[in-house]
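Here's the structure, in structure tokens; my notes come after.
The values are calculated or read from the model by the stated rules, or taken from the named source; none is laboratory data. In this text, all values refer to a predicted model and were calculated from it rather than measured experimentally. All Cβ positions, glycine included, derive from the backbone under ideal geometry; neighbour counts span all protein chains shown. Surface accessibility is based on the protein's heavy atoms, side chains included, excluding ligands, DNA and RNA. Shrake-Rupley method; radii C 1.70, N 1.55, O 1.52, S 1.80 Å.
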Amino acid sequence: MLKLLHFADAHIDLARQGRRDPETGLPVRVLDFLRALDRIVDTAISEKVDLVIFAGDAYRDRTPAPTYQREWGKRMMRLSKAGIQTLLVVGNHDVSPAAGRAHTLQEFDTLQVPHIHVISKPCLLGPDDLNGLPIQVIGIPWLNRSGLAAVFANTDAAVDEINDQLENQITRIIEEFFEKLDPALPAVLTSHISVQGASYGNERSVMLGKDLVLTASLVKDKRLDYVALGHIHKAQNLNPDEHPPVIYTGSIERVDFGEIDDEKKFVIAEIEKGAPTKLRWVELEGRPFISRSVIVDDPDNVQSQIIKAIPLPDVIRDAMFRLILTYPRDWEALIDEAAIRRAAETAFEFHLIRRPLSPARLRLPGDIEIANLSPDELLSLYWKTIAPETNQIDVLNELAGEIIQAVETGADIPEVGEEHIQ
């Protein structure tokens, strides 16, 4: 039986803003990510796992600062010194779209760090590649479109056609590796890619372009004993209660409030050929994210309604706290933001989101009928409803007057030019 630890999407420098730790000089939120990474490395060493698979995206982007490369390197060297075979899959945030550029994990290949193997191109690794470890691993890194797109440079191939060609190419490569597998040894597939049926998290906001997608049937092939995936930040098993497990472990720390309900985890799997793979999800605690919403509906108690919505100081202490206020725009002056911030001062970070509401319609006096109002009068009422910026009203009125006059006289309606756009 082999013990495997799988994690992905570390993005250790994704949250670089905010206060800094005086001892290390690093952003405190970066330290949150590094603590999660430390927990993973500590677990791998203490439980004496045979293999660690990192399924891609070490950093925020393809040009990490040397400081963050140093911090990542420290953790990987601990695995190396412990003699643990470690696979680092190159993800989309690790590789430059320009041909020939080094990826962010290149130094481990260049320096030939013991026990660490970088998967930067499709490969099939066996015992001879993994210091005698009796396992075989199919590795598929993030593959960008630029290489294949060049093939279609002089054709009329559409983007969707290029995507289909690349997906077919990846599928063919994986199927060829399947044919080469030794049926006597356990087999693992690892890749940084999307798979049909996966539930996306908030990482959609940091992805670029259209994803390449593998079919679910391909990764559920019975010749595999475990599938270690990265790229999607939401932890999930795409083949629950079946063999093989198809696992996205998700990101190691919450990125923002879009992931407030996501549990952050990594996986320890016990793999043995001919037996069901045993999974153990290990939770990463991380910094708590707390969100509250309040709809202010009493003009006599605006501030008290808001303060009551803020949890007790000990509840939000050191948490990322967000308060969403919804209220009539006319009550803006009744809100004491300084007092609100004092009530939330124990939070690590406080995000106040204001959502003022403008009245959807105006009530006309009882003796006025809308049919008796001129276009200019109707327009004035409309501006009060949507509350545009003051400096826009004159420009909008001028344009509206030209349109109304053109309609009345039968002239051509004027086009909206740049001079009307603020």
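Taking region 144-167 as the range and being under 22 Å from Gly230 (Cβ atoms) and either at pLDDT below 75 or open to solvent by 40 Å² or more (accessible area, probe 1.4 Å) (or both) as the test, the residues that pass are Asn144, Arg145, Ser146, Gly147, Leu148, Asn163.
The residue pairs whose first member lies in region 1-24 and is on the phi > 0 side of the Ramachandran plot, whose second member is of a type in the set (Gly, Ala, Ser), and whose beta carbons are closer than 6 Å, counting only pairs six or more residues apart or on different chains, are Asp9/Gly230; Asp9/Ser251.
The residue that is nearest to the chain's Cα centre (by Cα), counting only those in region 331-367 that are part of a loop (DSSP other than H, G, I, E, B), modelled with pLDDT of 90 or more and not β-branched (Val, Ile, Thr), is Phe348. Of all the criteria given as (1) open to solvent by less than 40 Å² (accessible area, probe 1.4 Å); (2) at pLDDT 90 or above; (3) out of contact with any Ser or Thr (no Cβ under 8 Å at 6 or more places or on another chain), the one not satisfied by Ile119 is (3).
For every residue, the table says whether it meets (1) of a type outside the set (Phe, Trp, Tyr); (2) touching a Lys or Arg at 6+ places or on another chain (Cβ under 6 Å); (3) farther than 24 Å from Phe348 by Cβ; (4) open to solvent by less than 10 Å² (accessible area, probe 1.4 Å).
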| position | (1), (2), (3), (4) |
| --- | --- |
| Leu5 | yes, no, yes, yes |
| His11 | yes, yes, no, yes |
| Leu14 | yes, yes, no, no |
| Thr24 | yes, no, no, no |
| Val28 | yes, yes, no, no |
| Phe33 | no, no, no, yes |
| Leu37 | yes, yes, no, yes |
| Val52 | yes, no, yes, yes |
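Among the residues making up region 265-281, none is more than 30 Å from Ala184 (Cβ to Cβ) and surrounded by 23 or more Cβ atoms within 10 Å (Cβ to Cβ).
Table: residues versus (1) acidic (Asp, Glu); (2) farther than 26 Å from Ser194 by Cα; (3) open to solvent by 20 Å² or more (accessible area, probe 1.4 Å); (4) not in a strand (DSSP E or B).
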residue: Arg62; (1), (2), (3), (4): no, no, yes, yes
residue: Thr67; (1), (2), (3), (4): no, yes, yes, yes
residue: Lys74; (1), (2), (3), (4): no, yes, yes, yes
residue: Gly91; (1), (2), (3), (4): no, no, no, yes
residue: Ala102; (1), (2), (3), (4): no, no, yes, yes
residue: Asp109; (1), (2), (3), (4): yes, no, yes, yes
residue: Pro114; (1), (2), (3), (4): no, yes, yes, yes
residue: Asp128; (1), (2), (3), (4): yes, yes, yes, yes
residue: Asn131; (1), (2), (3), (4): no, yes, yes, yes
